Structure formats: structure tokens, C-alpha cells
1. Can you tell me which residues in the stretch 185-205 are surrounded by fewer than 16 Cβ atoms within 10 Å (Cβ to Cβ) and either assigned to a helix (DSSP H, G or I) or on the phi > 0 side of the Ramachandran plot (or both)?
2. How many residues does the stretch 106-141 contain that are among the hydroxyl-bearing types (S, T, Y) and either in contact with a His (Cβ under 6 Å, 6 or more places away or on another chain) or part of a helix (DSSP H, G or I) (or both)?
3. As an exercise: evaluate K121 against (1) crowded, with 18+ Cβ neighbours inside 10 Å; (2) under 25 Å from A298 (Cα atoms); (3) at pLDDT 90 or above and give the number of the one condition it does not meet.
4. Does at least one position in the stretch 253-260 carry a residue that is over 23 Å from K41 (Cα atoms) and in contact with a Phe, Trp or Tyr (Cβ under 9 Å, 6 or more places away or on another chain)?
5. Go through the stretch 60-95 residue by residue and tally those that are buried (at least 17 other Cβ atoms within 10 Å of the Cβ), among the hydrophobic types (A, V, I, L, M, F, W, C) and part of a helix (DSSP H, G or I).
6. Go through the stretch 142-184 residue by residue and tally those that are assigned to a loop (DSSP other than H, G, I, E, B) and either of a type in the set (S, T, Y) or in contact (Cβ under 8 Å) with a residue 40 or more places away in the chain (or both).
7. Look through the stretch 210-242, keep the residues that are hydroxyl-bearing (S, T, Y) and outside any loop (DSSP other than H, G, I, E, B), and return whichever of them is modelled with the lowest pLDDT.
8. Answer yes or no as to whether K175 is exposed (fewer than 15 other Cβ atoms within 10 Å of the Cβ), basic (K, R) and modelled with pLDDT under 90.
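The values are calculated or read from the model by the stated rules, or taken from the named source; none is laboratory data. This structure is a prediction, so every number in the text was calculated from the model and none was measured. Note that each Cβ is placed from the backbone with ideal geometry, even for glycine, and that neighbours are counted across all protein chains shown.
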Amino acid sequence: MLTYDGNLQAISTLLLIPPLHRQKGMIITMEFGTVLAMFRKNRGLTQTELADGITTRRAISEIEHGKQNITYLDMIRIIERLGVSVTDFEDYRNDHQLPPDQALIVDFEHLSDTSQSEQIKLLLRRAEKLNVTSQLRYVHQLIPILNALLHIDCIQQEQLTQLVKPVWNELCVLKEWNRTDLFIINNLLYIFDPQTAQKIGKKVIKRLEHYAPDDLLLKNAIYVNLGYLGMKHPDTLSKKTIVQYLTTSIKITKDAHRYDLHLLSRIRLAVFECKYAEARKLCHLLELIGADNIARIAYGDFPILCN
């Protein structure tokens, strides 16, 4: 029998927020759903708690993702539950603007699934256009990384490595890595050969607590990617370390209230331990809470679970 050590009513199916901004002239204005998600998280509310008595959890999720409109009356009630006035909410939304190159970096950091080829193509086109005028080093670094992600299944490993190696060389000489650097490095893990990726991963883990102690989802991305790479290439990581990385991911995602990602890490650990029946039940639970896209990732990673 499947057990779950959490409150199912509190399960949040919020994924990493997709592109947060829309272009408006030369500035980027924050959308209603983006600000809503930000205030909700700052208040420590789940989507279920915010929706209670007003709308549904799924509606809140779709509003935050810009996929659903909301009536004016419900908007007022939701904003009041967040503990801010409508005026303050709108002032914040209109005053917080980003230039296009910084908005590109934000959207890249929220790219939750590197198999989203159309989204990657859009980011690449934006990066190539902005690279002409932008002074941000990240913009030119993103171009080879996004190119590599687009061709990861059709170009030989050596070619992929050569494509992104200049980016890694630039990162190596930095005395400190910031949050964006770590997001870039996290994407490099899938592009480099497995042995190199694990060596880089060990360096990142040593620096995580110093450079991103409070960014739980970034920390999780590093641990879960290294663990999964170890599963795919068992000669690069000991069984003990693979279990350690996946277990760390399970704890981080629970602390972050990201139960969709929490379940995905539990699925990976169950598969690694050959507990396929448990893994299938966890996949079913993902579908029950509406995290179908995460369930698809699990089925894609482990076709044996489809049987």
C-alpha cells in the first residue's frame, strides 16, 4: 500500500514559473500571475490555501501561469487574502520592470524542462538578437548552451563539449559564482560527458551553501541532475552517492513544498532500488494531483514504468 508522509490537501503542483514577462517597448512589465505567485510564496501560502472559498487550486495555478483570466471580484478577494491592497499590488506590478536582456536571464532560469525545444528556440533567438547590444556576459554564454540543448540528441558528445567549453572556461576563472552562474552550470551538466559533469558537480556542491544557501529549487536541480546522471552512467558515481543525492533532493523538495518534484525524486530513487511497483504508484499520485507534465518526465526517463 502506498503511503505519503505529507498533507495531500497542501500539495502544490506549481512548476518552475515559465516566462514571466512580456515585452512592452524597451521594458518588460510583470504580469498579474507572476506578482500573484510571488506574493503567495512570500506569505507562505499554498495554492490550495489561497484558493479556499474563492476558486479552485487548479484555477490559481493556471492564473499564475497566465493561462486563465479571473473576475474582478475574485481578484479583489484573492489580493486581500494576500494581505495587500489592490493599489499596492498594481503599483508593485507596474513599477517592477526589467530590461529585455535581464528578462531573458530570468526566463532561462525558469526553463524547467530542457526538452521544450520550441521554448529553447525562442530563448535562443532572443539571445542572438540581444547579444548585439547587451553588456551582460550571460547573454553570449546562453547562445552556445541553448544551441547544445537543442541538438543534444543529434550531435556527438565531443562536438557538444567543444560548443560549450568556452562558457565553462569563462566560469572557471571567476572567484565567485552567483545564482545565474549556477543555473548555467546546471545546464552544462547534461551537455558535458558524464565523467566531466560529475567532477563539475562536486565543485558546485562545495559552493552551493555559500552562494545559494536559500535557493532550494536551484540546490535541488543540482542534486537531482547529478543523481540522475549517476543512474544513467553508473560508472561515474558510487551507488551510495547516487542514493545520497536523490535522498537530499527528496528532503529539499519537501522543505520547499514542491511535492511534484518531491514525488519525481522518490520515483527515481524507487527505480534505482528496483522498486518498480512503488514507482508506478508514485507516478499515479503525480497524475492525481494534476502534475501530468512531471509524470510524463518520469515515464520518459523510465519506460519500464509504462508497463
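1. Result: Q195, K199, K202, K203, I205.
2. Looking only at that region, the number is 2.
3. (1)
4. For the stretch 253-260, residues over 23 Å from K41 (Cα atoms) and in contact with a Phe, Trp or Tyr (Cβ under 9 Å, 6 or more places away or on another chain): absent.
5. 6
6. Summing the residues that are assigned to a loop (DSSP other than H, G, I, E, B) and either of a type in the set (S, T, Y) or in contact (Cβ under 8 Å) with a residue 40 or more places away in the chain (or both) in the stretch 142-184 gives 0.
7. Going residue by residue through the stretch 210-242, those that are hydroxyl-bearing (S, T, Y) are 211, 223, 228, 236, 238, 241.
Still in the list and also outside any loop (DSSP other than H, G, I, E, B): 211, 223, 228, 236, 241.
Numbers: Y211: 63, Y223: 94, Y228: 94, T236: 94, T241: 96.
Checking each candidate, the answer is Y211.
8. When the stated conditions are applied, K175 passes them.
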